[in-house]
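Okay, structure first, notes after.
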Ligand SMILES: Cc1cc2nc3c(=O)[nH]c(=O)nc-3n(C[C@H](O)[C@H](O)[C@H](O)COP(=O)(O)OP(=O)(O)OC[C@H]3O[C@@H](n4cnc5c(N)ncnc54)[C@H](O)[C@@H]3O)c2cc1C
């Protein structure tokens, strides 16, 4: 290496939205320094993504960010949506149904600008994050040693070098273009009007969403503060922007959602296209794309920002492991692309697409029938658990990843956050690290491990086994009849040799 060569930080993050900030905190958790470049100097003005689901909550917990985010939001264990016409509950989701696999489950309702504010405060307080605002990135270029980023900041042009870079610069950022990639997929024919409204009516505290089931399209509102609601309504093709955003049309939408004569102060409203799109690759060389820079999803189901934060979690531990300078770091980095692209296309896109089409594509009578059937099915505990896990983003699985041994049905899934025999939760015991779990009546002599004496039936273990769980809580491998050789081999595959085996201290 020549004397002139110097890195400014191990990782340069382009974009300081929720995903860029999350990645900075995720890296900090593993003591990896990053420089984050954000062109905005102020906050975003809209509520945007407003729900933080359970899977994202546990990742925030690993980044030591959860308590602060939760304190700034509205946490609900019961998520109830009403028919706006009759006020009757149509969806009543009780997250306590999954408290055996998740510690204190619920939905956290919080406007995106508040989430960003809290994450930024935490990043600013961390010695590992260097957040620079008012810096607009112009180019990213890479060679076999580093990524070079040029930008313009308050003091003029700057050039920075990082071992890796993450493009978290949203749908229209420069990072994806620098890689010659585009967002492929579809744009729905219907567009949506989004607005933030303070209304003069008070509803039951538990009623968090109101759905206009009689409307021919998608029309619902979610509450994010006592009288503040975000409304979302689909607009059929052919209606002009002027008509869709006219005060009369907005007042009519609000009357259908909140009742005749409702008065509202609308802080913001706009017409948007909605998409189901993703980049062809999420990595190229030393650059990764995450969040909206990599995929765009319909707001139905509120999965988009959450999925972006899951990208950040997948990437953070992998980058940290690569800096151990052992093993095959390039293979581990590329697994980020394979895993997250698969999760986005096969799980997130399918789920949001189904909800969007149900909302905008069905005649009201069929929609009402469907909602009635769903509402009835949701009375059973089994269905409650299924939906809480699904919408809570706890049930996805990586099946195509080369670093996951998918021969066992548990591999590729998030590990349940069980209560251990000492009363502690498994996630607290894992503490965001890679661990071995001794499942059943077995000892893994020579290794540090966490014991789960009575594994739940849904783990599908025929006999005692060793489980490798990654820092992001995903099961990488289930090792039957584990011996030191088989454990070492499976550990090598799970981490491409970048993490040392958890050997017991002599
Ligand atoms: C109006 C609106 C409403 C939405 N509503 C919902 C919703 O209800 N539910 C939901 O799940 N999602 C919603 N979304 C989507 C959600 O906001 C995104 O999924 C989320 O913001 C993605 O986060 P991100 O960090 O990947 O990207 P962004 O939030 O877009 O952040 C990217 C950041 O990069 C910065 N940046 C861009 N280019 C550069 C550059 N060249 N140099 C430096 N910085 C740069 C930008 O300023 C921005 O701060 C909404 C989005 C919008 C716009």
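General remarks:
- Residue list for the stretch 31-59, filter: in a loop (DSSP other than H, G, I, E, B), under 21 Å from residue 136 (Cα atoms) and either near the ligand (Cβ under 7 Å from one of its atoms) or at pLDDT below 95 (or both): 39, 40, 42, 43, 44, 45
- Selected residue (only one of 379, 354 is part of a loop (DSSP other than H, G, I, E, B), surrounded by fewer than 23 Cβ atoms within 10 Å (Cβ to Cβ) and at pLDDT below 95): 379
- Of the candidates 257, 245, the single residue that is within 16 Å of the ligand (Cβ to nearest atom), surrounded by fewer than 18 Cβ atoms within 10 Å (Cβ to Cβ) and either more than 28 Å from the chain's Cα centre (by Cα) or at positive phi (or both) is 245.
- Flag if residue 28 is modelled with pLDDT of 95 or more, closer than 28 Å to residue 158 by Cβ, part of a helix (DSSP H, G or I) and in the same structural domain as residue 313 (by TED's automatic domain parsing): yes
- Where residue 224 falls short, out of the listed (1) more than 20 Å from residue 355 (Cβ to Cβ); (2) within 12 Å of the ligand (Cβ to nearest atom): (1)
- Of all residues in the stretch 24-55, exactly one satisfies the criterion of being under 29 Å from residue 470 (Cα atoms), surrounded by fewer than 21 Cβ atoms within 10 Å (Cβ to Cβ) and in contact with a strand residue (DSSP E or B) (Cβ under 7 Å, 6 or more places away or on another chain), namely 33.
- Matching entry among 313, 290 (being away from the ligand (no atom under 11 Å from the Cβ), at negative phi and modelled with pLDDT of 95 or more): 313
- Some residue of the stretch 196-209 being more than 15 Å from the ligand (Cβ to nearest atom), crowded, with 21+ Cβ neighbours inside 10 Å and closer than 28 Å to residue 86 by Cβ: yes
- The stretch 165-204, residues that are in a loop (DSSP other than H, G, I, E, B) and under 16 Å from residue 288 (Cβ atoms): 168, 169, 170, 173, 179, 180, 181
- Single residue of 319, 309, 332, 315 found to be assigned by TED's automatic domain parsing to the domain that holds residue 22, over 19 Å from the mean Cα position of the chain (by Cα) and assigned to a helix (DSSP H, G or I): 332
- Residue list for the stretch 472-487, filter: more than 18 Å from residue 402 (Cβ to Cβ) and out of contact with any strand residue (DSSP E or B) (no Cβ under 7 Å at 6 or more places or on another chain): 481, 483, 484, 485
- Residue check, residue 177 exposed (fewer than 14 other Cβ atoms within 10 Å of the Cβ), under 22 Å from residue 307 (Cβ atoms) and within 15 Å of the ligand (Cβ to nearest atom): no
- The residues of the stretch 140-164 that are within 11 Å of the ligand (Cβ to nearest atom) and over 20 Å from residue 291 (Cβ atoms), listed by number, are 150, 152, 153.
- Failed item in (1) crowded, with 21+ Cβ neighbours inside 10 Å; (2) within 19 Å of residue 397 (Cα to Cα); (3) in contact with a strand residue (DSSP E or B) (Cβ under 8 Å, 6 or more places away or on another chain), with residue 465 passing the rest: (2)
- Some residue of the stretch 86-100 being within 16 Å of the ligand (Cβ to nearest atom), in a strand (DSSP E or B) and closer than 30 Å to residue 254 by Cβ: no
- In the stretch 230-282, the residues that are part of a helix (DSSP H, G or I) and in contact with a strand residue (DSSP E or B) (Cβ under 6 Å, 6 or more places away or on another chain): 241, 244, 253, 254, 257, 258
- Count - residues of the stretch 408-430 that are assigned to a loop (DSSP other than H, G, I, E, B) and free of Cβ contacts under 8 Å to residues at least 40 places away in the same chain: 5
- Which listed residue is buried (at least 17 other Cβ atoms within 10 Å of the Cβ), under 26 Å from the mean Cα position of the chain (by Cα), assigned by TED's automatic domain parsing to the domain that holds residue 66 and within 13 Å of residue 8 (Cβ to Cβ), from 131, 135, 114: 135
- For the stretch 272-285, the set of residues classified as touching a helix residue (DSSP H, G or I) at 6+ places or on another chain (Cβ under 8 Å) and either away from the ligand (no atom under 12 Å from the Cβ) or modelled with pLDDT of 95 or more (or both) consists of 276, 278, 279, 281, 282, 283, listed by residue number.
- The residue of the stretch 104-113 that is farthest from the ligand (Cβ to nearest atom), among those that are touching a helix residue (DSSP H, G or I) at 6+ places or on another chain (Cβ under 9 Å) and touching a residue at least 40 places away in the same chain (Cβ under 8 Å), is 105.
- Of all residues in the stretch 114-131, at least one satisfies being out of contact with any helix residue (DSSP H, G or I) (no Cβ under 8 Å at 6 or more places or on another chain) and within 30 Å of residue 224 (Cβ to Cβ).
The values are calculated or read from the model by the stated rules, or taken from the named source; none is laboratory data. The shown structure was predicted, so the numbers you read here are calculated from the model rather than taken from an experiment. Note: ideal-geometry Cβ built from the backbone for every residue, glycine included; neighbour counts use all protein chains shown.
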